[in-house]
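Quick notes on the structure that follows.
Read-outs: derived from the displayed coordinates by stated rules, not from any lab. Keep in mind that what you see is a predicted model, and the values were worked out from it rather than measured. Positions of Cβ are generated from backbone atoms using ideal geometry, with glycine treated the same way; all protein chains shown enter the neighbour counts.
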Amino acid sequence: MTDAPDPVVNDTRPTAPLHEVDDVRGPVSGFVVPRFAGIATFARLPMITDVDTAHVAVVGVPFDTGTTYRPGARFGPSAIRQASRLLRPFNPHTGTFPFADHQVVDAGDIACTPFSADQAVGEIEVGMRELLTRAEVPIILGGDHTVALPVLRCLREHAGEPVAVVHFDAHLDTWDTYFGAAYTHGTPFRRAVEEGLLQRGRCVHVGVRGPLYGIEDLGDDSDLGFRIMSTPFVARIGAQETAEAVLATVGDAPVYVSIDIDVLDPAFAPGTGTPEPGGLLSRELLAVLRSLRGIRLVGADVVEVSPAYDSSEVTALAAANVAYDLMSLLAEVRAGPAYPH
Ligand code: MN
Ligand code: MN
């Protein structure tokens, strides 16, 4: 054997024809390097250290010390990155090239201690504040839902005003404490309201369902300034009208979209910490997200993917596609919806 070709598994040549902006570096082309090869950055995008500037940064927060039931979301970022290999550069549902209009990168993971939630929340805040000096819009891969609090602290500061939250979740996550702990995955949005990070009355939970501790949970949640669009509500009015109701609620506020993957039915997302039957279809969630065009998105997360409970990567695949459609909201519409409606 002679003249063997050089191995190309670490080839970082971009998908050139898709990039009209000269200095944007896209994902490794699936026509040059098979999608199952090479190191798994999100969607095979460049690392933040490979580019001069970035607009959108995917960042992992492998933290699950705030979980109340099944742990394991610390492995969420790596599972979502692995599943995201399958993504392609053109989103025909929205007519967008989410990686082509501006620089999108993978910023790696924010390191934080697994031994103290209080300490980790501080470390995540420091990591996020540092990231926001290098990128404008963070897309966080969790991690459990605790991570939303330190991110919201930074985004409130970055936006210069409190933010609206569009929270997709089976659960309210506005409880007070668990076993005396203030920082858990069931409490981030109460803490955020207490800290003045949110625009009360412009926040909404989408996809809530399942049993509560008591009827007062709903009154407490309403007092904190959240509107509830339950799973039965979304199923009844449909994705398009749900999105319109969300857009009407947030208005022109800067918006953080927080997606707990357990908003999906356990049939579509078994790999999560606190599954609740009777949830949204992946199709419904993606359809709502695609209809949020015009939203003033300043950051987003996809949390609570716990790969040890997953089957055939379905939860991680759903999470990767959710992140992709969030990124698509930040991209220009270049074509009409390509699939027949
Ligand atoms: Mn949840
Ligand atoms: Mn949650």
Of (1) touching a helix residue (DSSP H, G or I) at 6+ places or on another chain (Cβ under 6 Å); (2) farther than 29 Å from Gly72 by Cα, His185 fails just (2)
Here the residues within segment 287-311 that are part of a helix (DSSP H, G or I) and within 16 Å of ligand 1 (Cβ to nearest atom) are Tyr309
Within segment 125-144, restricting to residues that are within 16 Å of the chain's Cα centre (by Cα) and of a type in the set (Asp, Glu), the one that is farthest from ligand 1 (Cβ to nearest atom) is Glu136
The one condition Val204 fails out of (1) within 16 Å of ligand 1 (Cβ to nearest atom); (2) without any contact (Cβ under 8 Å) to a residue 60 or more places away in the chain; (3) crowded, with 24+ Cβ neighbours inside 10 Å; (4) not in a helix (DSSP H, G or I) is (3)
Restricting segment 250-280 to residues that are within 18 Å of Ala83 (Cβ to Cβ) and surrounded by fewer than 19 Cβ atoms within 10 Å (Cβ to Cβ), the one nearest to ligand 1 (Cβ to nearest atom) turns out to be Pro266
Among the residues of segment 198-232, the number that are closer than 13 Å to Val246 by Cβ and in contact with a Lys or Arg (Cβ under 6 Å, 6 or more places away or on another chain) is 1
Residue set Asp325, Asp310; condition more than 30 Å from Pro162 (Cα to Cα) and of a type in the set (Asp, Glu); output residue Asp310
So the strands (runs of 3 or more DSSP E) completely within segment 26-142 holding 1 or more residues that are surrounded by fewer than 23 Cβ atoms within 10 Å (Cβ to Cβ) are 104-109, 137-142
Checked pairs for segment 307-328, first under 10 Å from Ile80 (Cα atoms), second of a type in the set (Lys, Arg) and surrounded by fewer than 23 Cβ atoms within 10 Å (Cβ to Cβ), C-beta under 9 Å and 6 or more apart or across chains, list as Ala320/Arg85
Of the residues in segment 183-194 that are more than 28 Å from Leu329 (Cα to Cα) and touching a residue at least 24 places away in the same chain (Cβ under 8 Å), the one that is nearest to ligand 1 (Cβ to nearest atom) is Thr184
Residues of segment 244-266 being polar (S, T, N, Q) and assigned to a strand (DSSP E or B), in sequence order, are Ser258
Among residues of segment 166-181 being away from ligand 1 (no atom under 14 Å from the Cβ) and either assigned to a strand (DSSP E or B) or on the phi < 0 side of the Ramachandran plot (or both), the residue nearest to the chain's Cα centre (by Cα) is Val166
Picked from segment 143-157 (must be closer than 23 Å to Ala170 by Cα and assigned to a helix (DSSP H, G or I)), the residue farthest from ligand 2 (Cβ to nearest atom) is Pro150
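For residues in segment 177-218 being acidic (Asp, Glu) and more than 15 Å from ligand 2 (Cβ to nearest atom), which is farthest from Pro277 (Cα to Cα)?
Glu195
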Contact list, first residue from segment 262-279 and more than 19 Å from Arg74 (Cα to Cα), second anywhere and within 9 Å of ligand 2 (Cβ to nearest atom) and small (Gly, Ala, Ser), beta-carbon distance below 8 Å, six or more apart or interchain, is Glu276/Ala170; Gly279/Ala170
